[in-house]
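Have a look at the structure below before the remarks.
The values are calculated or read from the model by the stated rules, or taken from the named source; none is laboratory data. As the structure is a prediction and not an experimental result, all values here were calculated from the model. A quick note on method: Cβ atoms are made from the backbone with ideal geometry, for glycine too, and the neighbour counts reach across all protein chains shown. Protein only, heavy atoms only, side chains kept; ligands, DNA and RNA dropped before computing areas. Shrake-Rupley method; radii C 1.70, N 1.55, O 1.52, S 1.80 Å.
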Amino acid sequence: MANNKSGCLSIFLPFLQKKTETEKLPYRVRDDFLSPAELSFYKVLQPVVGTKLAIQSKVRLADVFFVARHNENRSYLGKISQKHVDFLVCDAMTMKPLFGIELDDASHKRPDRQERDAFVDDVFRTANLPLLRFPVQRAYSRDEIVSKIAPLFKKDSSA
């Protein structure tokens, strides 16, 4: 006969209890992975970039950038590990990042967000990766998007 009783310590330290097979982890799929503004922007951006470029969404900065001399600069990893960029556009063949895109809603007028945005801008500038900013809108203009990203293609093709 199996003994299912827990010890006294498990009352005070519940992490010591073993999970049963019937217990489930508390994770669920988000039904709002992209905000309505992000989804609207993505639907206009996708045909503009075509099949030669790949659009990644909500990419963590620490997955795009690395910290030089990481042993000397450990604190800098923490500064980018909890931040993301709305979209990262990459070469579809190599997945090399070409530029980032941020959508700025009304929250970007708050001082804490302006400080965060300035830091993100500095990270992109320091690493020599362009970052484009677009204001959040109900609908996006294909021509406006093309006019902002076209110079990046001219710069890339001249290399």
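Of note:
- For Val67, the stated conditions do not hold, so it cannot be described as in contact with a helix residue (DSSP H, G or I) (Cβ under 7 Å, 6 or more places away or on another chain) and modelled with pLDDT of 95 or more.
- The stretch 61-94, subset over 14 Å from Ala127 (Cα atoms) and β-branched (Val, Ile, Thr), residue surrounded by the fewest Cβ atoms within 10 Å (Cβ to Cβ): Thr94
- Cβ separations smaller than 9 Å between residues 6+ apart or across chains give the following pairs from the stretch 25-41 residues that are in contact (Cβ under 8 Å) with a residue 40 or more places away in the chain to residues that are open to solvent by 100 Å² or more (accessible area, probe 1.4 Å): Ala37/Arg138; Ser40/Arg138.
- Of all residues in the stretch 44-59, those that are touching a residue at least 24 places away in the same chain (Cβ under 8 Å) and closer than 16 Å to Gly100 by Cβ have Cβ atoms under 8 Å from Cβ atoms of residues that are open to solvent by 30 Å² or more (accessible area, probe 1.4 Å) and assigned to a loop (DSSP other than H, G, I, E, B), 6 or more apart or on another chain, in Leu53/Ala92; Ala54/Ala92; Ala54/Met95; Ser57/Phe33; Ser57/Leu34; Lys58/Phe33; Lys58/Leu34.
- Pick from the stretch 118-139, criterion under 12 Å from Phe99 (Cβ atoms) and part of a loop (DSSP other than H, G, I, E, B), ranking: most open to solvent (accessible area, probe 1.4 Å): Asn128
- Of residues in the stretch 36-80 being among the β-branched types (Val, Ile, Thr) and in a helix (DSSP H, G or I), the one nearest to Arg138 (Cα to Cα): Val44
The rows are residues; the columns are (1) hydroxyl-bearing (Ser, Thr, Tyr); (2) within 18 Å of Ala150 (Cα to Cα).
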position	(1), (2)
Pro47	no, yes
Phe65	no, no
Tyr76	yes, no
Lys96	no, yes
Pro111	no, no
Asp122	no, no
Pro130	no, yes
